[in-house]
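Q: First, the structure itself, so that you have it in front of you.
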Amino acid sequence: MKHNIEEIKRKLKKYGQEHLLNFYDTLDEKKQDQLLDQIEKIDFELINSLYNKTKNADKKEEAVIESIDFIDKYKLNGDYKYYEDLGKKAIREGKLAAVTMAGGQGTRLGHNGPKGTFDIGLDSHKSLFELLCDYLKNESAKYNVQIPWFIMTSKENNSATIEFFKKNKYFGYEKNIHFFVQGELPMVDTEGKILIGEDGLIKEAADGHGGVYESLLKSGMTEKMKELGVEWVFIGGVDNCLVKMVDPVLMGIAIDKGVTAAGKSVVKANPHEKVGVFCKKNGKPSVIEYIDISEEMAEATDKDGELLYGESHILCNLFNISAIERMGKTPLPYHSAFKKATYIDKDGNKVVPDKPNAYKFEAFLFDAFGEVDDMAILRVKREEEFAPVKNATGVDSPETARKLYNDFYKLS
Ligand code: UTP
């Protein structure tokens with residue numbers, strides 16, 4: 001037997017998690033093995049400390065926040081072509097790969113299935129995945145290359161995602177598509193007890209989009225990229241149907257400035273828009289959340305009247321592989337989110353909560369930005385690059401995304 005059950009019991013007792021074996025005897029042998037595997041992989045110290053943090057209001061760390069320089073894509077004048085040519089050359093040489101993070105749960109949208117399979121209601125009824133794939137195919141043709149597409153899934157949606165691609169014959173892009181699965185962390189209830197899911201195993205949830213760097217590294221994807229000759233990696237979300245994964249100007253700027261990371265921003269709709277903005281934290285690139293910005297900072301402007309903290313982070317970033325390798329080895333802080341999670345209670349009953357009941361722990365992609373010394377920020381136009389699908393209705397919904405998409409592609 002590969003597991004030392006007595007050792008596991010001792011460990012569970014130490015951390016007050018003995019209930020995890022309550023239904024062990026009712027599981028078949030394969031699941032018993034899976035459960036013990038899960039338990040052995042849990043960092044109980046980490047889970048304990050993350051749970052304890054949910055009880056104490058986060059102490060704000062002391063940090064020096066300053067504004068960060070940005071370049072406006074449409075005020076580059078003569079330099080535009082210079083950067084564009086530099087980027088185009090690198091793309092034609094096959095140095096760019098695209099990563100789409102599709103491991104989220106999409107709880108706000110409430111779609112039954114991976115978010116990428118969602119149809120935003122275009123006349124074509126294409127899914128988000130197909131829209132992104134169409135875009136990549138077009139760009140590949142433009143540059144006479146095959147831009148490799150790396151898709152991050154979660155354990156929860158990996159097989160449904162792959163099934164969807166198979167069913168759709170990979171939209172004709174099969175040999176360029178690579179799937180990899182992100183990491184997970186156990187969910188805990190309000191008492192700090194790890195939840196058991198309906199399958200009798202530990203209830204785990206994806207570890208946030210910040211998990212992308214480590215997963216790229218651990219799954220061997222960075223090695224694969226290097227074999228393909230890739231040097232630059234665009235990382236974006238699955239839920240922005242206007243995401244421009246191939247941007248020669250962004251790439252040209254990164255190359256010319258000798259930085260290993262570059263991010264796109266759109267200017268805030270108003271000083272108090274609830275978005276995270278690019279900034280410098282203790283001299284390093286970072287993103288500051290709207291709740292951490294004072295009213296005075298939010299309204300502050302520079303000599304040209306531009307908001308000092310006005311560059312919204314839209315989850316569209318470009319990294320040199322060397323930066324990903326560094327970020328993938330750096331542990332990121334986890335943030336907790338209080339969510340609804342179906343679980344099996346101590347009497348073996350399935351509980352479907354109607355309000356949040358458990359903590360999920362997530363790392364944020366931008367918490368790794370401080371690993372690079374400098375980052376080029378390129379301000380782009382919202383109507384050209386940012387059509388997020390977050391909510392079922394209202395702002396950032398299929399309706400708003402559909403309109404932005406149709407307007408951009410002049411479809412109606
Ligand atoms: P969001 O933070 O908007 O989360 O993700 P979400 O899962 O799509 O939606 P909610 O919050 O549950 O309603 C932004 C992007 O990051 C990806 C998402 O798939 C989306 O493309 N993501 C998020 C991951 O890939 N993994 C995660 O663990 C979290």
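Q: Say R0 is 30 Å: what FRET efficiency, to the nearest 0.05, do GLN34 and ASP119 get from their beta-carbon distance?
A: E(calc), rounded to 0.05, equals 0.30.
Q: If you don't mind, there's one more thing I want to ask. Report, in debye and to the nearest 20, how large the dipole of the range 1-89 comes out about its Cα centre when Lys and Arg carry +1 and Asp and Glu carry -1 on their Cβ.
A: 100
Q: Sort the following peptides by mean Cβ neighbour count (other Cβ atoms within 10 Å, averaged over residues), highest first: 142-155, 303-316.
A: Peptide ranking by packing, descending: 142-155, 303-316.
Q: Let me ask you something else. What whole-number value in cubic angstrom gives the convex hull volume per residue for the C-alpha atoms of the range 212-342?
A: For the range 212-342, the hull spanned by Cα atoms encloses 177 Å³ per residue.
Q: Give me the accessible area per residue for the chain, probe 1.4 Å, as a whole number in Å².
A: Heavy-atom SASA per residue in the chain reads 49 Å².
Q: Sticking with this structure for a sec: Pick out which of ALA387, ALA337, ALA358 has the largest mean-square fluctuation in a Gaussian network model of the chain, springs linking Cα atoms closer than 10 Å.
A: Most flexible of the set in this elastic network: ALA337.
Q: Another question about this same structure. I'd like the orientation of helix 44-55 relative to the chain: the angle between its Cα long axis and the longest Cα principal axis, in ° from 0 to 90, rounded to 10.
A: Once rounded, the angle reads 70 degrees.
Q: Which aspartates and glutamates have a Cα lying under 16 Å from the Cα of LYS73, excluding residues fewer than 8 positions away in the same chain?
A: In chain and number order, the partners are GLU84, ASP85, ASP247, ASP256, GLU306, GLU311, GLU383, GLU384, GLU385.
Q: If you don't mind, there's one more thing I want to ask. Quick check: Cα centre of the range 1-39 to Cα centre of the range 129-197, how many Å?
A: Measuring centre to centre over Cα atoms gives 31 Å.
Q: Too long at a 22 Å Cα-Cα cut-off: which of LYS89/LYS218; LYS81/LYS142; LYS41/LYS218; LYS53/LYS193; LYS89/LYS142?
A: LYS89/LYS218
Q: Please give the charge dipole size of the range 268-377, origin at the Cα centre, charges +1 on K and R Cβ atoms and -1 on D and E Cβ atoms. Round to the nearest 20 debye.
A: Around 640 debye, computed over the range 268-377.
Q: In straight Cα distance, which aspartates and glutamates are under 15 Å from LYS346, not counting same-chain residues fewer than 8 positions off?
A: In chain and number order, the partners are GLU18, ASP25, ASP189, GLU191, GLU198, ASP199.
Q: Could I get the Rg over Rh figure for the range 1-105? Both from C-alpha atoms, Rh via Kirkwood, rounded to two places.
A: 1.28
Q: Using alpha carbon coordinates only, what is the Rg to Rh ratio of the range 146-253, with Rh defined as the Kirkwood radius?
A: 1.04
Q: Something else about it: How much of the accessible area of the range 5-103, probe 1.4 Å, is carbon plus sulfur, in whole percent?
A: After summing per-atom areas, the C and S share lands at 46 percent.
Q: For the range 282-325, just list the percent of Cα-Cα distances falling in each 10 Å bin from zero outward, please.
A: 21, 43, 26, 10
Q: Quick one: net charge around HIS19, please, counting Lys, Arg +1 and Asp, Glu -1 for every other residue with C-beta under 13 Å from its C-beta.
A: Here the charged neighbours net out to 0.
Q: Among residues other than LYS381 whose Cβ falls under 14 Å from its Cβ, what is the net charge (Lys/Arg +1, Asp/Glu -1)?
A: Counting the neighbours of LYS381, the net charge comes to 0.
Q: Here's another thing I want to ask about it. Treating only the Cβ of Lys, Arg, Asp and Glu as charged (+1, +1, -1, -1), what charge dipole size does the chain show about its Cα centre? Round to the nearest 20 debye.
A: About 700 debye.
Q: Share of Cα-Cα pairs in the chain beyond 27 Å, in percent?
A: Pairs farther apart than 27 Å: 55 percent.
Q: Taking Cα pairs under 8 Å and at least six residues apart, what relative contact order does the chain come out at, in percent?
A: The normalised contact order for the chain reaches 22 percent.
Q: To continue, here is another question. Hey, can you rank 80-88, 346-354 by average C-beta count inside 10 Å, highest first?
A: 80-88, 346-354
Q: I've got another one for you. Going by the alpha-carbon gyration tensor, a ≥ b ≥ c the square roots of its eigenvalues, is the range 59-113 rounded (a/c under 1.5) or, if a/c is not under 1.5, prolate (a/b greater than b/c) versus oblate?
A: Here the range 59-113 falls in the oblate category.
Q: Per the 1.4 Å probe, what fraction of the accessible area of the range 270-412, in percent, lies on carbon and sulfur atoms?
A: With neighbouring chains kept in place, the figure for the range 270-412 is 50 percent.
Q: Can you give me the C-alpha center-to-center distance between the range 246-260 and the range 355-399, rounded to a whole angstrom?
A: Spelled out, the Cα-based centre of one part sits 21 Å from the other.
Q: Pull out a ≥ b ≥ c, the square roots of the eigenvalues of the alpha-carbon gyration tensor of the range 319-404, then state rounded if a/c is under 1.5, prolate if not and a/b is larger than b/c, and oblate in the remaining case.
A: Oblate, since a/c reaches 1.5 and b/c is not below a/b.
Q: Here is a follow-up. Between ARG108 and LYS346, what is the FRET efficiency for a Förster distance of 30 Å, r being their Cβ-Cβ separation, to the nearest 0.05?
A: 0.45
The values are calculated or read from the model by the stated rules, or taken from the named source; none is laboratory data. Since the model is a prediction, treat every value here as computed from it, not as a measurement. Note that each Cβ is placed from the backbone with ideal geometry, even for glycine, and that neighbours are counted across all protein chains shown. Note: areas computed on protein heavy atoms with side chains; ligands, DNA, RNA excluded. Shrake-Rupley method; radii C 1.70, N 1.55, O 1.52, S 1.80 Å.
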